[in-house]
Structures are given as C-alpha cells and as structure tokens.
Amino acid sequence: MKRKNKIVGLWILVALLSGCAGPKPDSKIIDGDNAQSASSAGAMGRYMETIYPYAEEINRNGGVNWLDDGSLTLIDYNSGLYRSLDDGQSWNREDTSWYPMLEGVYCLSAVMGPDGTVAATCSGEMSEVVKTAYGKPVAEDWEGNYCVFSLPDGTDKVVDFGFSQEDGSCISSFVFKEDGRLFAKDMQGRVYEVDIEKESLRELFMAERAVGYLSFSGEILMAVGYDQLYLYDLEKEVLLPSDATVDAFIKQVLADGSVSYTSGGYPLAVIGSDEPDVIYLACQDGMYRHILNGSMMEQVIDGALSIFGDSYISIYQMRALENQEFLVAFSPSVGMVRYTFNEDVPAMPDKELQIYSLEENHSVRQAVTAYKRAHTDVYVRYEVGLGSDNSLTAEDAIKKLNTQILAGEGPDVLVLDGLPLDTYQEKGMLLDIHTLFQGLKGEEQLFENIVKGFTEENGSIYAMPMGVRIPLLAGDGGRISQAEDLESLVAEVERLRSDYPEGGLFGIYDAEAFLRLFGSVSSSAWVDKEGGMDAEAVKEFLTLTQKMYDLELAGAVPKQQQALQAQAEELASYGIDVLELRANISDNVLYLPMGYAQIAAGASDGIQLDLDCVTSLLRIDDSLDYRVFQGQSKNLFIPVAMVGISAKSTETEDAKAFVKLMFESETQQEIYDGYPVNRTAYQAHFAFLEENQSNGSMTLQKTDDTEQEFELYWPNQEEQQKFTAFMESLTTPALTNDYLCELVYSEGTKVLEGEVSVEHAATEIVKKAAIYLAE
C-alpha cells in the first residue's frame with residue numbers, strides 16, 4: 001500500500017464541450033506547469049456520479065468488457081462470468097465451459113472481446129482441468145505462465161507462449177480493441193499483438209519498463225508508462241513521438257513509479273473519444289481532457305468532488321459515451337460509476353473545507369471521500385505537504401504550514417502525524433474537540449483507553465487517532481513473560497545469548513532498524529514534564545539498546561547475515577521501506593520458525609498477514625507465546641492518523657462534522673493502517689473471515705536450507721479475546737514528534753556502530769532538541 005500532489009487551478013466559465021473545443025464550466029486548465037485562470041463567480045455545471053454497485057460476491061476480477069450486443073460482462077476470478085444488460089446497473093452470473101480452467105489458479109487478467117472471445121493469463125501450476133485442455137505432456141513440477149482462450153464457437157484452448165519462471169516474466173494482461181484484435185503486455189515492458197488461431201505473439205514495441213493501462217484512440221494504441229504515454233500507430237506500425245504535455249502530467253501523477261496494482265486496477269487510465277485526437281486521462285486528481293500534442297490539460301472532473309479522489313480505489317476501465325458522459329469501472333468496493341453533466345448544479349460548492357497531512361494518508365483520504373459524498377455542498381480539499389515535490393523536506397513543509405496557520409490561511413483539519421503536536425497544543429493552535437467524543441454509545445463507541453490516552457488533565461482533547469498499532473513481543477512463553485520493561489528484556493536477552501551462543505536473537509543486524517524497533521515502545525519516556533528531552537532517559541535507552549545490539553552481533557552467523565542482507569536488498573529494489581518493515585511483527589515473527597531469531601518484536605497494524613502470522617505460529621509450537629511489547633514506556637500504543645482542528649479555522653462546524661465522521665463505524669471499517677479505535681469497526685475487522693478459516697499458506701526457507709509450509713488461520717474467538725484484552729490495556733501514546741525521535745535514531749546509530757559514546761550522543765540530542773523546540 002502509499003501519492004500524488006494536487007494540480008492547482010481555478011474554475012472558469014466557458015461554453016459546454018458539446019460540439020466545442022472549450023472546457024466544461026467545472027474544468028481547470030493547466031498549460032504546462034502554469035494554471036490559466038478566469039473568473040468563476042456564479043459558474044454552474046459539473047459532473048455528478050451515479051454509482052452502480054457490483055453483486056456482493058464480485059471481488060477480484062478482470063474489469064468490465066463492452067460487447068457488440070450492447071451487454072457488459074465481467075469475469076470474477078472467484079465466481080465466474082457476470083453479465084449486465086443495463087449498462088452496469090445490475091449483474092447476473094452465467095455458467096461457462098471455460099471458467100473451470102480459471103478456478104483454483106492465480107489469474108492475472110481475464111477479459112472478453114466484443115464478439116465474446118475470452119482471453120485469460122494465469123501463473124503457477126496447471127490444474128488437472130487445464131492440463132486436459134492443454135493436451136500436451138506437462139512436467140509434474142511445471143510452473144510458469146499459460147493462457148486460456150475461449151472462442152464464440154465454443155472452442156476452448158490453453159496456450160503456453162514460452163515465458164519461464166526463471167526470467168520472471170509472463171503475460172500480465174490482455175486488452176481487446178473494438179474491432180476484436182487482441183493485444184497483450186508482459187512484465188518486462190513488451191507490448192504484443194496476439195494471434196489466437198496461430199497461438200503466436202508479435203512484439204510491437206518495448207517500453208523502458210513495465211507499462212500499465214492499455215487502450216486505443218482510433219488506430220493509436222496507448223500504453224501508460226511510469227514517465228510517459230507510449231503511442232503506437234497500428235496502421236503504420238511505428239512508435240510515434242511522445243506527447244510532452246501528457247508525459248509531464250504522468251511524471252507528476254505517477255511520482256512513485258507505480259503503473260498498476262496487484263489487485264488488477266490502475267492509478268492512471270487513458271482512453272480515446274469520438275472527437276479526433278482527443279483523449280481523456282483519469283487518476284486520483286480526477287479526469288482530464290487533452291488534445292494530442294496540444295499544450296493544455298483540462299480538468300473536467302475534480303477528484304476532490306468525485307470517487308476518483310478516494311485513494312482506496314483504483315481504475316479498472318473507462319469508456320466515453322455519447323453526450324459527453326462516461327462510465328468508469330472502479331475497484332469492486334465501489335463498482336461502476338456513470339458520470340453525467342448537470343448544468344443546474346454549482347460548478348464549485350459554496351463552502352470549502354481544507355484538510356492537511358504531511359504525508360498521504362489512506363484512512364484520511366477514505367474519510368474525505370465519505371464526507372464529500374454526504375455533503376455535496378462542500379468542496380473538500382485534501383492537501384499533502386510532502387506530495388510529488390521531492391525537493392521539499394519535512395522541516396520545510398512544516399515551516400510553510402506554520403506560516404499559513406499563523407496568517408489565518410491554513411487548513412481547517414490537521415492530520416498531526418509528523419507535526420509538532422505538543423507545540424501546537426501549547427501555543428493554542430488546536431481546538432478542544434472533547435465534546436465530539438463524549439457519550440458515544442452503540443456502534444459509535446470508541447475504545448475508552450485510547451480516548452483517555454489523548455485526554456488532558458482538565459478534560460480537553462486536542463487530537464484523536466483514527467487507528468492504533470499494537471506493539472507485540474513473541475517468543476518462548478517462559479522468557480517473554482519476564483520482560484516487563486526494557487531493562488528486564490535486556491536481562492532475558494543476556495540469558496538467551498548464554499543459552500544460544502550462535503545465531504540470531506532478534507535477527508536484526510542493522511543498527512538503525514534495531515534502534516527504531518525499541519524506540520517505538522520507549523519514545524514517550526524521552527520527554528520531560530516541560531516538553532524538553534530527558535537526558536537521563538535518553539542515556540538509559542541508548543545504553544540498554546547498545547547492550548542488546550552487542551549481544552546480537554556477538555553470536556551472528558555470517559551466512560545468516562548475508563541471507564538477510566540479500567533479502568533486504570531485494571525488498572528495497574521493489575521500493576519497500578526495509579526499516580519500516582523491520583519495525584513490524586508480521587515479518588519478524590516468521591524468523592522464529594525459520595531459525596533466524598529466538599525472539600520477535602514489532603508493531604501489529606492489522607489481522608491479515610500480520611496478527612494471524614503470530615496466532616498461527618502459536619498453533620504449531622505450544623512453547624511460544626506473545627504479549628504486549630513493553631519498553632521504557634509501559635502499555636504504549638502507536639497512534640495512526642491523529643486528527644485535530646485548527647483554532648484558526650473559519651469553518652469550525654464543518655470541520656467538526658468531518659472529524660466526527662472520521663470516527664463513525666462505517667468510515668472506520670475501511671481503516672487498514674492500524675486497528676480502528678471504533679469498537680464496532682474493530683469487531684468487523686475480525687469478522688472479515690470465519691474463525692479458524694484458512695487464510696492461505698506460505699513456504700518458509702529455513703536457515704538449514706530446508707523448507708516448511710506454514711498455514712495461516714483466521715484468529716478464533718479465544719485468540720481474538722486475548723488480543724482485544726491487550727488492546728484495552730494500552731494507555732500511553734508513543735511520542736508523536738518525529739523530529740525528536742529522528743534525533744535519537746540518528747545519534748543513537750553512531751553509538752551502536754561504535755562511533756561515539758552514549759554520553760556524547762545524549763548531549764547532542766538534548767542540545768539539538770532544545771534549539772528545535774525554541775524555534
């Protein structure tokens with residue numbers, strides 16, 4: 001999961017698009033990097049959404065297909081073919097001869113052509129029904145990429161195009177052109193035309209790396225790359241020069257380099273239209289109109305006023321209809337959305353609510369979407385301080401924000417993660433919002449201990465987290481039961497090293513990762529009553545972590561270190577933050593059965609592939625147990641998406657309504673970065689699967705080069721009750737000032753690596769903190 005900076009422009013009033021080249025009244029014009037503006041007073045007209053939900057059982061799927069007979073189809077990988085005869089308003093399942101070949105396998109893409117031809121690409125082993133259809137000898141241990149085709153005459157066939165598991169490539173998706181021609185892309189960036197009859201691929205071109213959304217504008221095939229739009233002329237069979245305006249737009253929107261999601265959707269989609277050389281691009285910021293090789297990007301649908309702005313969704317397909325209407329297939333949780341222009345609705349709502357977070361936050365984005373659906377009279381603008389502008393540091397972004405707040409021009413609602421919460425509170429920059437959390441009952445009841453953790457002595461509340469991460473410690477039950485704080489944990493680690501002279505203890509050999517792990521449950525102890533850094537507490541933390549790190553290194557086995565380092569480098573090559581990963585229990589706990597560690601610690605932020613890793617491990621080894629991870633701070637929880645209201649807000653009532661919605665059960669059920677603080681939503685997360693239900697399996701590569709199959713099971717009632725008791729016992733929020741934490745980690749790394757003494761590091765930390773806090 002993790003993005004884009006909103007392109008700013010002003011609303012302008014011009015003629016309707018119908019028969020014109022000008023924008024709709026709700027459009028924004030972007031000329032290169034500069035916004036063109038005109039007066040928008042009294043402007044009317046904007047696109048409105050009509051949502052057509054999918055059938056409940058439709059989940060992971062290949063997206064929507066438009067057929068020549070006017071129907072729409074959708075191939076769900078878990079339940080088969082669905083057809084709609086009313087433009088997506090309702091769906092009915094149909095039995096097919098080919099779907100059994102997609103059951104029980106990993107399907108990457110499954111689409112249907114205008115004439116009903118089916119094309120699907122799968123990865124892994126062939127099932128028996130697939131082997132039968134393939135009709136050729138297949139090695140028992142064969143794994144790779146194969147494709148399933150079904151023709152309108154009822155012929156079904158399986159084709160192996162020769163992609164191998166070794167080269168890491170395969171056909172990643174298919175797309176049909178309106179004339180029935182079939183095209184495909186692979187994971188290496190190659191784009192092909194497919195001949196089903198001849199069972200062959202013809203390479204058209206190769207992108208610099210994997211491409212995302214494929215579509216057509218007349219006879220031009222369009223492929224979204226991470227930094228450009230590839231344009232291939234199908235008649236001349238040549239790659240056309242790139243469109244500089246579109247490429248600049250794509251670089252900004254796809255700043256993180258992601259062109260597709262494993263779920264099957266895309267962060268950016270592009271389609272052609274009936275207007276010559278006119279294409280439409282859609283992303284989280286909304287939908288844009290562009291004339292190929294022109295200099296303008298015209299926003300016709302604003303993400304802040306539509307589902308496009310919801311970070312939890314992705315775009316599967318788009319289609320331009322008559323009368324400047326559009327159909328968009330979003331993630332299964334949304335379904336199909338029809339966009340129709342309504343000239344009687346104000347182009348811009350009368351009121352504006354500004355939301356700010358230093359970094360993109362999916363839970364907040366979800367709340368923004370929910371709020372704007374219920375309040376169409378409010379323009380909700382979500383600003384991310386560290387968006388696509390990579391040149392801006394967190395410190396610069398905070399200074400810019402502070403200047404805006406002091407000038408009375410800042411946001412109404414603040415997501416305080418990474419911001420100096422204590423300073424804002426002391427200077428009266430935040431509104432007391434305790435009345436929003438009084439007397440909540442039934443479905444809206446919050447965890448009382450979390451609320452108390454953010455309640456001041458006088459009863460005021462200035463911030464509240466949407467979710468929390470729970471620090472856990474796992475290992476031999478007799479040993480971890482003695483670890484009541486950081487000091488007693490050190491004593492257990494010393495005994496562990498005595499009992500196990502060789503091998504990993506925590507399996508962490510990176511000094512910074514080691515510090516961050518233990519700092520996550522100690523940080524609140526580093527600040528004194530006056531808000532400054534407590535030198536003695538910092539010294540104690542560095543002294544104790546240094547002891548444990550030295551013990552870790554004392555018995556390190558080079559082969560194991562090298563294996564973990566190679567794993568870390570591979571993960572980093574995929575853009576995964578390894579430091580963040582090593583602070584989570586989900587990965588660390590797997591090092592126990594693999595033999596890399598004797599004890600595991602880290603934060604849990606969800607059930608699936610996280611808490612269930614811990615509880616499932618206990619089922620196969622009854623000597624293991626887990627408990628709350630205690631550090632210098634006792635019963636600490638890690639807040640996620642802390643929300644507050646600016647005391648300078650001019651839209652206080654709307655801001656309060658927005659914050660209240662953020663903690664309602666329906667909104668909280670969509671939180672997956674941490675456990676919801678709403679009790680009903682928390683319980684709903686556990687009810688996602690039936691208790692003891694299989695949640696898949698993984699193969700663990702052990703240090704002795706053997707493999708172990710590890711089955712995952714959904715927590716049962718007893719396991720849920722145990723974890724909930726831990727959740728209810730936590731009383732202290734972790735230190736929320738990232739700058740102060742980073743000081744400890746930066747200087748502390750030098751201590752663990754032997755560059756400076758504990759005393760020297762503590763002195764530097766306290767000195768730098770004092771300068772920072774005085775500013």
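The values are calculated or read from the model by the stated rules, or taken from the named source; none is laboratory data. No experiment lies behind these values; they were computed from the predicted model shown. All Cβ positions, even for glycine, are placed from backbone atoms using ideal geometry, and neighbour counts span all protein chains on display. Heads up: the accessible areas ignore ligands, DNA and RNA and are worked out on the full protein's heavy atoms, side chains in. Shrake-Rupley method; radii C 1.70, N 1.55, O 1.52, S 1.80 Å.
Given in Å, the Rg to one decimal and the Dmax to the nearest whole number for the Cα atoms of the chain are 27.8, 82. Taking Cα centre as origin and charging only the Cβ of basic (Lys, Arg, +1) and acidic (Asp, Glu, -1) residues, the dipole magnitude of the chain rounds to 1160 debye. Dipole orientation for the chain: of the candidates LEU661, TYR713, CYS122, LEU661 has the Cα lying most toward the positive pole (charges on Cβ; Lys, Arg +1; Asp, Glu -1). Which percent of the accessible area of region 571-698 is formed by carbon and sulfur heavy atoms (probe 1.4 angstrom)? The C+S portion of the solvent-accessible surface of region 571-698 is 46 percent.
Using the Stokes-Einstein relation with a Kirkwood hydrodynamic radius computed over Cα pairs, the translational diffusion coefficient of region 449-564 at 25 °C and a viscosity of 0.890 mPa s comes to 149 µm²/s.
Ranked by the mean number of other Cβ atoms within 10 Å of their residues, highest first, the peptides 738-751, 628-641, 45-58 come out as 628-641, 738-751, 45-58. Rounded to the nearest 20, the size of the Cβ-charge dipole of region 221-363 about its Cα centre is 320 debye, with Lys and Arg at +1 and Asp and Glu at -1. Solvent-accessible surface of protein heavy atoms, probed at 1.4 angstrom with all chains present, puts GLU237, GLU755 in the order GLU755, GLU237, largest first. When ARG209, ARG181 are compared by accessible area of protein heavy atoms, the largest-first order is ARG209, ARG181, using a 1.4 Å probe.
For region 504-605, the set of GluC sites (Glu not before Pro) satisfying both a DSSP loop assignment and a count of at most 12 other C-beta atoms within 10 Å is given as GLU530. Between GLN608 and THR699, the simple spin-label model (points 7 angstrom out along Cα→Cβ) gives 2.4 nm. For region 425-496, trypsin sites (Lys or Arg not before Pro) are listed when DSSP marks them as loop and at most 12 other Cβ atoms sit within 10 Å of their Cβ; the list is LYS441. Nonpolar atom fraction for region 246-370, defined as the carbon and sulfur part of the 1.4 Å probe accessible area, stands at 42 percent.
Ligands, DNA and RNA left out, the 1.4 Å accessible surface of region 114-245 is 45% carbon and sulfur atoms.
Backbone amide hydrogens, once placed in the peptide plane, bring TYR47 within less than 5 Å of ASN342, excluding anything fewer than 5 places away on its chain. Rolling a 1.4 Å probe over the protein heavy atoms gives the chain an accessible area of 42 Å² per residue. Rg to Rh for region 536-620: what is it, with Cα atoms only and Rh by Kirkwood? Using Cα coordinates only, the ratio equals 1.00.
Largest first, the residues THR73, THR706 sort by 1.4 Å accessible area into THR706, THR73.
Database remark: amide H of HIS375 closer than 5 angstrom to no amide H (H placed geometrically; neighbours at sequence offset of 5 or more, or on other chains; Pro and chain starts carry no H). With the charge dipole of the chain set up from +1 on Lys and Arg Cβ and -1 on Asp and Glu Cβ about the Cα centre, the Cα lying farthest toward the positive end among the listed residues LEU254, THR393, LEU414 is that of LEU414.
Relative to the compact-globule estimate of 2.2 N^0.38 Å, the Cα radius of gyration of region 715-775 comes out at 1.75. Among the trypsin sites (Lys or Arg not before Pro) found in region 90-163, not one is both in a DSSP coil and sparsely packed, with 15 or fewer other Cβ atoms within 10 Å of its Cβ. A Cα-only calculation for region 611-674 places Rg and Dmax at 18.8, 58 Å.
For region 318-326, putting each phi into the Karplus relation 6.51 cos²θ - 1.76 cosθ + 1.60 with θ = phi - 60° gives couplings of 9, 8, 7, 9, 5, 6, 6, 9, 9 Hz, in residue order, rounded to whole numbers and with x for Gly and Pro. Entry note, the chain: the mean residue ellipticity at 222 nm calculated from DSSP H runs of n ≥ 4, each adding -39500 (n - 2.57), is -8000 deg cm²/dmol after division by the residues and rounding to the nearest 500. In region 90-176, the inverse of the mean reciprocal separation of distinct Cα atoms equals 13.5 Å; this is its Kirkwood hydrodynamic radius. Translational diffusion coefficient of region 329-421 (Stokes-Einstein, Kirkwood radius from Cα pairs, 25 °C, 0.890 mPa s): 160 µm²/s. Could you run the Debye sum over the Cα atoms of region 45-144, one equal point scatterer each and no solvent, and tell me log10 of I(q)/I(0) at q = 0.11, 0.23, 0.24 Å⁻¹, two decimals? The Debye formula, applied to the Cα set alone, gives -0.40, -1.21, -1.28. Under 5 Å between amide hydrogens, built in the peptide plane, is the criterion, and for ARG190 it picks out ALA207 among residues at least 5 positions away or on other chains.
Candidate cross-link partners of LYS372 among the lysines, defined by an alpha-carbon separation under 20 Å and a same-chain spacing of 8 or more, comprise LYS4, LYS6, LYS28, LYS351, LYS656, LYS660.
In the structure shown, do any of LYS547/LYS750; LYS157/LYS198; LYS131/LYS177; LYS131/LYS198; LYS251/LYS399 have a Cα-Cα gap over 23 Å, and if so which? Check vs 23 Å cut-off fails for LYS131/LYS177; LYS251/LYS399.
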